[in-house]
Amino acid sequence: MSEKTLTDDVRVGAEEAPPAASAKRWWILAVIAVAQLMVVLDATIVNIALPSAQADLGFSDGNRQWIVTAYALSFASLLLLGGRIADLFGRKTAFLIGVVGFAAVSALGGAANGFGMLVTARALQGAFGALLAPTALSLLNTTFTDARERARAFSVYGAIAGAGGAVGLLLGGVLTDTFDWRSTLYVNVAIAFVAFAGGMALLHNHRDAGNSKLDVLGTVLVAAGLFSLVYGFSNAETHDWGSPLTWGFLTAGVMLLAAFAWWQTKAAHPLLPLGILMDRNRAASLLTVLISAGGMFGVFLFLTYYLQLNLGFSPTKTGVAFLPMIGGLMVTAQIGTQALVPRLGPKVVIPLGFAVSAAGMAWLTGIGVGSSYVSSVLPQLVITGLGLGLVMPAAMQLGTGGVTADEAGVASATVNAMQQVGGSIGTALLNTLAASAATDYLAGKDATNKLVQAQATIESYTTAFWWSAGMFAAGAVIAFLLFRTGVPQQDADAAPVVHM
């Protein structure tokens, strides 16, 4: 079906689409990209500023992790609700409320006078992010259905989703070095202003599920289930796997999500129609997003520590050090979604991307106490980025494509939820494994010797990198086994192009 036919089908009472209609879609993509960047970078932008914030506000090391975890907890647990709100009450309304709310609570965090105020602001950021992120992705899904244009749009979106964490590290470093830690939160006000102005001018408040009702019980079950999972994995970092705060919440999370899945088969207006998960390519894409998010933490988290603590990089220089990875990711994001997947299909492209990323992470395990960035980090980062660029945008496109318009928001939310849960699992697993590796290395050695201490940290980093490589390798096998052979077909009944 041609682009003109698609646009004519949905413009009731218009004989032909105005010339500006096509160009406006790309402006909409720019607005969505700005909003998505704000949400994604806030998962990491505060990390680099955390030591400064801790010194200024005087909270303990034990409380430090909750500045990061509060955001992930509320974001992950409310994502499906946020996606359904967009479907029920209109995507423009949800988008604008999400943007304004995110900016307001970011300003609250920037003005924080203590730990309680800051952690509350971070939790509220996650809540508004849970409304904004699936709304942005569903807007992309409903604005682009021409196969070629959609591939181009998702390559941009996927590159932002994949590289946003590194951009957050860079921006956080620059802002903290230039101003102070509070600027890493205040900057969202400026970003939100741009997104709000663009959204107000370009978006249309289309409601595809306006006749449905909100599944209250389903919302409670899935929010509590996702919260318990993320909270349980977060506790594994600070306690241990044998702690009731870890296994208790993980068990509760699994049980609540099982109850949610059962209820979705009974509910008159299910929050997550299970038919969305029955498509083989979509299910494979969701697992792909989960695994890639988990493995990426081996890159961002531990390499940030290595660059700053072992190589002596400043926060800004650390952020700059990740730029080559972003460049590689953006290049293959374009090539993968626009050229390779349409010709070869995801069964070839996504496993290839995972394999390349696994090779990059395995090579990164060669770092040592006296290694240099240029020889021991830079090439490995580029290769890992090239691989992830083939994985993430394609998986996001396939994870949200082919659904009906009234399910676009919840499908988008499911992709985001998998990314958050994957990140939480990856953080907990890799931190635990890294800490164990350092402890094992120090056993029987002089722990007061600085060289021994430095080598113990290297052992912890390389262990995390090996496990990240293993996650990516497992992702390659799983993707190869689960994705259907052949090129994905464009679904004529999928979410229609809606001109604003």
Q: Would you mind computing, in nm to one decimal, how far apart the modelled labels at Lys450 and Ala474 are, each placed 7 Å from Cα along Cα→Cβ?
A: 3.9
Q: Could you compute the FRET efficiency for Phe193 and Trp262, with r as their C-beta to C-beta distance and R0 at 41 Å, rounded to 0.05?
A: 0.40
**Q.** Of all accessible heavy-atom area on the chain, the percent that carbon and sulfur account for (1.4 Å)
**A.** 67
(Q) In Å², and per residue, what accessible area does region 293-352 have when probed at 1.4 Å with the other protein chains present? (A) 37
Q: Mind sorting out which of [x] 36, 25, 23; [y] 48, 31, 24; [z] 39, 30, 19 is the real semi-axes √(5λ) of the Cα gyration tensor in Å computed from the coordinates?
A: [x]
Q) Which lysines have a Cα less than 26 Å from the Cα of Lys24, not counting those fewer than 8 places away in the same chain? A) Lys4, Lys92
Q | Simple label model, 7 Å out from Cα along Cβ direction - Leu442 to Ile335, nm | A | 4.4
Q: Let me have the 222 nm mean residue ellipticity of the chain computed from DSSP H runs of 4+ only, each contributing -39500 (n - 2.57), with the sum over all residues rounded to the nearest 500.
A: -26500 deg cm²/dmol
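The values are calculated or read from the model by the stated rules, or taken from the named source; none is laboratory data. Since we're looking at a predicted model, the values are computed, not measured. Note: ideal-geometry Cβ built from the backbone for every residue, glycine included; neighbour counts use all protein chains shown. Side chains included, ligands, DNA and RNA excluded: accessible areas come from the protein's heavy atoms. Shrake-Rupley method; radii C 1.70, N 1.55, O 1.52, S 1.80 Å.
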